[in-house]
Amino acid sequence: MSEQQSRYRVYSTHLKQKFGEKVYKLPINLPGSCPNRDGTVGQGGCIFCDEEGAGFQCLPNTLSVQEQLNSNKEFFKRRFNARKFIAYFQAFTNTYLPLETFKQNIAAAVSDNDVVGISISTRPDCVNDRYLDFLLDIQQRHHQPLDVNIELGLQTVNYHTLQKVNRGHTLAEFIDAVQRIHSRKFEICTHLILNLPWDDDLDVIENAKLLSALGIKYVKLHSLYVVKNTVLGDMYQRGDFSIVTKEEYINRVITFLEYLDPGIVIQRLVGKGPQEDLLFSNWNTSWWSIKQEIERKLKELDTYQGKKFNYLNGKAVREKFEL
Ligand code: SF4
């Protein structure tokens, strides 16, 4: 691990330590929907959502789970000599399916002997005990250890902002989902957007503190991108809000890392936007160069993940009585 990487917990390094070799995530795209688009909890979706359901890097959802796994696996096997994979149900809300359909899709993925884990993207208001119990059952009956990871889109802990972006759920549903998932001992990855227009530094710090307090295992940070023909796109074109500068985004990531539990693994520091119909993405530079700038700045400031992680376990008592 390079000196820069060691300033935060890097996902690829974590996977290598956990599985003894490199492990690759294979995206799976199921035909699905989202309760925030179909009218169940909301119409039109989150204001930044395009119709791809955040699955723009996936294969067509007309292919079966096994066909998608095989096609993606071949690529990684040929190119990197890869042997172990995580089946990543990425697009839309993968637990917002009839229970039987959900079961069939998961069973198809774990029947592949090269799959050592499953990662399931969903919304906090789509985490239900019956689906979790099925996952626990399949994990316990599996012939080899099977990692189960639930990816929860939260975006921000600020429930006023959640309402402004039309998430259709509040912070309470996220906390409820986390508790249900943790009671089955599955790991959780949380997605956050650190530069939503209505959030400031205080929200960034509270994002880090809440995830740390709840024992979240992984974090994916995204920078806001703006797509044409979305509510956010229309607002952007009307000049209803402005996006913070790249430097400010970098500062926010660094602040977030400083307050974050050093045990939490960082899957991503900056997101990749879709290729088409973009009005704004990553300040017209690559996600990779922003990631490098963050790493450079961490070094320059001589700071690191967890530097300010001192606020849990009765801080006042610890300080007063020097415990
Ligand atoms: S939860 Fe995801 S798929 Fe649903 S509206 Fe929001 S961004 Fe789109």
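Quick rundown of the values:
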{"read-out": "Complete set of residues in segment 7-22 that are among the basic types (Lys, Arg) and touching a Lys or Arg at 6+ places or on another chain (Cβ under 9 Å)", "value": "Arg7, Lys16, Lys22"}
{"read-out": "Candidate set: segment 67-94, residues that are of a type outside the set (Phe, Trp, Tyr) and surrounded by 22 or more Cβ atoms within 10 Å (Cβ to Cβ); chosen: the one farthest from the ligand (Cβ to nearest atom)", "value": "Leu69"}
{"read-out": "Residues of segment 95-127 classified as within 16 Å of the ligand (Cβ to nearest atom) and in contact with a Ser or Thr (Cβ under 8 Å, 6 or more places away or on another chain), total", "value": "8"}
{"read-out": "Single residue of segment 15-40 satisfying the filter (within 16 Å of the ligand (Cβ to nearest atom) and either under 26 Å from Val265 (Cβ atoms) or in a strand (DSSP E or B) (or both)) that is nearest to the chain's Cα centre (by Cα)", "value": "Pro27"}
{"read-out": "When residues of segment 140-153 are limited to those that are away from the ligand (no atom under 16 Å from the Cβ) and in contact (Cβ under 8 Å) with a residue 12 or more places away in the chain, the one farthest from Arg123 (Cα to Cα)", "value": "Gln144"}
{"read-out": "Any chance Leu196 is more than 22 Å from Gly39 (Cβ to Cβ), surrounded by fewer than 18 Cβ atoms within 10 Å (Cβ to Cβ) and within 16 Å of the ligand (Cβ to nearest atom)", "value": "no"}
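FYI, it's all coordinate maths here, none of it is from the lab. Because the structure is predicted, anything quoted here is derived from the model rather than measured. Glycine gets a Cβ as well: all are built from the backbone with ideal geometry, and neighbour counts include every protein chain shown.
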